[in-house]
Amino acid sequence: MEKPTMMIKKERQTKETAIKMTVSRGLDDSHIDTGVGFLNHMLDLLAFHGHFVINVTVDGDTDVDDHHTTEDVGILLGQALAELLSDKEAIKRYGTAYVPMDETLSRTVVDISGRPYLHFEAEFSSQQVGSFDVELVHEFFYALTINSRLTVHMDLIRGGNTHHEIESLFKSFAQALRLASSQSDISRLPSSKGVIEE
């Protein structure tokens with residue numbers, strides 16, 4: 001049973017992007033408008049499979065490319081998750097998820113550790129999905145991981161269609177984070193040190 005949730009509100013304003021975001025735990029529909037269609041789709045999957053409600057609007061310089069929007073959404077989402085998951089008492093802390101997407105298979109392992117680190121190993125079958133540069137997948141997860149202070153290992157184990165490859169990575173991250181942040185049957189902080197860094 002998950003604890004009652006709170007809603008985290010975040011805003012970010014730079015010369016490149018203006019973002020408004022709310023994040024909470026739950027099963028309600030998310031409303032996502034980043035101006036980048038493929039990123040909208042991936043964030044919707046992350047929210048659905050992670051049991052998050054993400055509402056976000058972005059005014060970004062997508063006339064240049066999708067880089068700033070994708071990275072800045074990752075930064076703000078990471079900051080929101082850090083606040084949302086700040087109560088680490090009696091969480092499972094670790095989560096692992098393997099997710100197939102037809103011919104592809106991804107694995108993500110998450111530790112809500114307070115020590116930001118990303119290992120990302122994925123060789124994509126093509127460089128773009130539509131107009132979206134696939135190198136931005138790493139940029140997104142790096143920004144999210146560093147700002148949420150998670151330890152994350154992501155591996156694309158088996159490839160195929162590039163859309164499927166990226167979708168399986170987003171779904172596996174969401175599933176692993178949902179498991180790691182779920183409540184444990186043992187009511188103590190899951191650290192032998194007695195502390196998890198904020």
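The values are calculated or read from the model by the stated rules, or taken from the named source; none is laboratory data. The model shown is predicted, which means the values in this text are computed figures rather than measured ones. Reconstructed Cβ throughout: ideal geometry from the backbone, glycine too, with neighbour counts over all protein chains shown. Heads up: the accessible areas ignore ligands, DNA and RNA and are worked out on the full protein's heavy atoms, side chains in. Shrake-Rupley method; radii C 1.70, N 1.55, O 1.52, S 1.80 Å.
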> Quick one: is Arg188 at pLDDT below 95, open to solvent by 60 Å² or more (accessible area, probe 1.4 Å) and among the charged types (D, E, K, R)?
Replying inline: yes
> Any idea which of (1) in contact (Cβ under 8 Å) with a residue 12 or more places away in the chain; (2) open to solvent by 40 Å² or more (accessible area, probe 1.4 Å) is the one Glu135 doesn't satisfy?
Replying inline: (1)
> Any idea which of (1) part of a helix (DSSP H, G or I); (2) in contact with a strand residue (DSSP E or B) (Cβ under 7 Å, 6 or more places away or on another chain) is the one Leu144 doesn't satisfy?
Replying inline: (2)
>> Taking the condition of being over 22 Å from Ile8 (Cα atoms), in contact with a Gly (Cβ under 6 Å, 6 or more places away or on another chain) and surrounded by 19 or more Cβ atoms within 10 Å (Cβ to Cβ), how many residues in region 79-112 meet it?
In response: 1
>> It is to be established whether one or more residues within region 148-158 are surrounded by fewer than 20 Cβ atoms within 10 Å (Cβ to Cβ), touching a residue at least 60 places away in the same chain (Cβ under 8 Å) and within 21 Å of His67 (Cβ to Cβ).
In response: no
> Out of the residues in region 81-137 that are closer than 16 Å to Ile157 by Cα and of a type in the set (Phe, Trp, Tyr), which is farthest from the chain's Cα centre (by Cα)?
Replying inline: Phe124
> Regarding Phe140, is this residue surrounded by 14 or more Cβ atoms within 10 Å (Cβ to Cβ), aromatic (Phe, Trp, Tyr), modelled with pLDDT of 95 or more and more than 27 Å from Leu85 (Cβ to Cβ)?
Replying inline: no
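Every residue, every condition in (1) out of contact with any strand residue (DSSP E or B) (no Cβ under 6 Å at 6 or more places or on another chain); (2) crowded, with 22+ Cβ neighbours inside 10 Å; (3) under 18 Å from Phe132 (Cβ atoms); (4) modelled with pLDDT of 95 or more, yes or no:
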residue: Asp44; (1), (2), (3), (4): no, no, yes, yes
residue: Asn55; (1), (2), (3), (4): no, no, no, yes
residue: Val58; (1), (2), (3), (4): no, yes, yes, yes
residue: Asp61; (1), (2), (3), (4): yes, no, yes, yes
residue: Leu77; (1), (2), (3), (4): yes, yes, yes, yes
